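The structure appears right after this line, and notes come after that.
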Amino acid sequence: MAANGAVNGQVRQWSTESTIPLWLHGKEVTASKTFDVTSPVTNSVLYKSSAASETDAEAAIASCAKAFPAWSKTKPQVRREIFLRAADGFAARKEEAWKYLREETGAERPLFEFIHNASVEYCKDMAGLLTAIRGTVPTLSKEGSSAIVIKEPYGVVVGIAPWQVLQNLMSRCFLTRSTGMHPVFLVSELVSPRWQLVTQSS
């Protein structure tokens, strides 16, 4: 995952000398291998981005697995508040996100409005569904038999977000699985890493 795009509430400044870090074990990690992020608007290099290695991916999965026992026992009301805070975070950093998306992908404002607003609403939708996840007591055909269906999380789930409509699809990758109490190993695209700082840190 990408790291937080703000420091002490202030928008972080990036230059051609900057390297976008990964987000591993709850902290920023700058990888030894990087790649240039080029703006299609100016055809110039904006900065570099860390390129995750196989070892980095394995470390991220291990971190998710370590978080699984506690996250899987988190009460729906707690997860609901987290999702609602994410919606507020998206909304509060809207213009910052627009600046990054424009620079990194050349997208126009109408597309941004659609995917950004959809992501905010999706956070709220998932927050509202959390308390609806429950087991069932089905009626069986065999006389004298009974059953109960209990829904439990499996473990670490991978989410792969393609570049199209990034913020919306990445939010769905993460939130849908987190709703079911699964920690998510998120594989995001390479086109707009700085925009992901806003999306993932919100």
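The values are calculated or read from the model by the stated rules, or taken from the named source; none is laboratory data. What you are looking at is a predicted structure, and each value in this text was computed from that prediction instead of being measured. We place every Cβ from the backbone using ideal geometry, glycine too, and count neighbours over all the protein chains shown.
Put simply, of A118, A59, A107, A86 the only residue that is at pLDDT below 90 and either surrounded by fewer than 18 Cβ atoms within 10 Å (Cβ to Cβ) or among the polar types (S, T, N, Q) (or both) is A118.
Within the stretch 37-50, is even one residue outside any strand (DSSP E or B) and buried (at least 19 other Cβ atoms within 10 Å of the Cβ)? Checked against the condition, which is being outside any strand (DSSP E or B) and buried (at least 19 other Cβ atoms within 10 Å of the Cβ), the stretch 37-50 yields no hits at all.
Could you tell me whether any residue of the stretch 140-157 is closer than 30 Å to S44 by Cβ, surrounded by 17 or more Cβ atoms within 10 Å (Cβ to Cβ) and in contact with a Cys (Cβ under 9 Å, 6 or more places away or on another chain)? I'd like the intermediate steps shown before the answer.
Quick first cut of the stretch 140-157, residues closer than 30 Å to S44 by Cβ only: none.
The answer is no, given that none of the residues of the stretch 140-157 is closer than 30 Å to S44 by Cβ, surrounded by 17 or more Cβ atoms within 10 Å (Cβ to Cβ) and in contact with a Cys (Cβ under 9 Å, 6 or more places away or on another chain).
Residues of the stretch 120-136 that are within 14 Å of G180 (Cβ to Cβ) and either within 15 Å of the chain's Cα centre (by Cα) or not basic (K, R) (or both): M126, A127, L129, L130, T131, A132, I133, G135.
Against the list (1) under 20 Å from S178 (Cα atoms); (2) in a helix (DSSP H, G or I); (3) not hydroxyl-bearing (S, T, Y), the condition W23 fails is (2). Of all residues in the stretch 122-173, those satisfying the criterion of being of a type in the set (V, I, T), assigned to a loop (DSSP other than H, G, I, E, B) and at pLDDT 90 or above are V137, T139, I148. State whether the residues of the stretch 100-118 include one that is closer than 26 Å to T38 by Cα and of a type in the set (K, R). Within the stretch 100-118 (the criterion being closer than 26 Å to T38 by Cα and of a type in the set (K, R)), the answer is yes, since at least one residue qualifies.
Evaluation of F185 against the conditions (1) touching a helix residue (DSSP H, G or I) at 6+ places or on another chain (Cβ under 6 Å); (2) part of a helix (DSSP H, G or I) shows that the sole unmet condition is (2). Any residue at all in the stretch 41-51 that's farther than 13 Å from R194 by Cβ, at pLDDT 85 or above and within 22 Å of the chain's Cα centre (by Cα)? Within the stretch 41-51, one or more residues are farther than 13 Å from R194 by Cβ, at pLDDT 85 or above and within 22 Å of the chain's Cα centre (by Cα). Can you name the residue in the stretch 52-89 that is of a type in the set (G, A, S) and without any contact (Cβ under 8 Å) to a residue 24 or more places away in the chain and is also nearest to I20 (Cα to Cα) among such residues? Once the filter is applied, the top-ranked residue is S53.
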